[in-house]
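Everything on this sheet refers to the single structure shown next.
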Amino acid sequence: MAKKIAGFIILCLAVFMVTSVMAEMPGANPKKLWEHITKTSPYTQWKFWDDHQGMQEGNEPHGSLNKVYINDMAYNSSSAPYEYGAIVVKENYNKKKKLMALTVMHKVKDYNPKAGDWFYVRYTPKGKAKPYGKPKGCVSCHSANAENDFIFVHEFE
């Protein structure tokens, strides 16, 4: 009986923790997402994928160079699709290594099932968001890699 009660308590705590983390996530809102990635959970303290470390050569529209940071939900996703709440932040640099923009993908449950439920945002370095949501350019380009959950810079093994 004590083992069943302990198991139930552990299950309840796990559900509470997952629910709490998801409740803190910004959803499909560019202002809340900016607040999240710059103040609540600063993306510069996040991880890189093992196969995409630090500054890398990039392609347009993401600049000549880029750095891609991922939150724990993205990092801990071991196969497609990524966990809901996954966030990918790509710093977009020009050839002179000047930061030009941040492009962000945030996996939001039931946001856009046809495009993997990704919410896209392009921010200026100061946080102005445009475009955001389901920009045709983002969705159509990333759809070419739908089998990898719309992500290009990291392939699941």
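Just so it is clear, none of the values below were taken in a lab; they were calculated from the coordinates. Nothing here was measured: the structure is a model prediction, and the numbers come from that model. No Cβ is skipped: glycine too gets one built from the backbone with ideal geometry, and neighbour counts run over all protein chains shown.
One table, with the values for the structure above:
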{"quantity": "The stretch 27-148 shape via C-alpha gyration tensor axes, a/c threshold 1.5", "calculated": "rounded"}
{"quantity": "Whole-Hz ³J(HN,Hα) from phi, Karplus 6.51 cos²θ - 1.76 cosθ + 1.60, for the stretch 51-68, glycine and proline x", "calculated": "9, 8, 8, x, 5, 10, 5, x, 10, 5, x, 9, x, 5, 9, 7, 10, 10"}
{"quantity": "Over 18 Å (Cα to Cα) - which of 47/67; 32/109; 47/97; 90/114; 31/128; 31/107 fall in this group", "calculated": "47/97; 90/114"}
{"quantity": "Vicinal HN-Hα couplings computed from phi for the stretch 120-130 (Karplus, 6.51 cos²θ - 1.76 cosθ + 1.60; Hz; Gly/Pro x)", "calculated": "9, 9, 10, 10, 6, x, 9, x, 6, 9, 5"}
{"quantity": "Charge dipole (the stretch 27-148, unit charges on Cβ, about Cα centre) - positive-most of 49, 38, 105", "calculated": "38"}
{"quantity": "Residue 126/residue 29 FRET efficiency (R0 22 Å; Cβ-Cβ; nearest 0.05)", "calculated": "0.80"}
{"quantity": "Phi to ³J(HN,Hα) by Karplus 6.51 cos²θ - 1.76 cosθ + 1.60 over the stretch 98-115, Hz, x for Gly, Pro", "calculated": "8, 5, 9, 6, 10, 10, 10, 10, 10, 7, 10, 4, 6, 6, 7, x, 5, 10"}
{"quantity": "Theoretical FRET efficiency, 1/(1+(r/R0)^6), r = Cβ-Cβ of residue 55 and residue 141, R0 30 Å, to 0.05", "calculated": "0.85"}
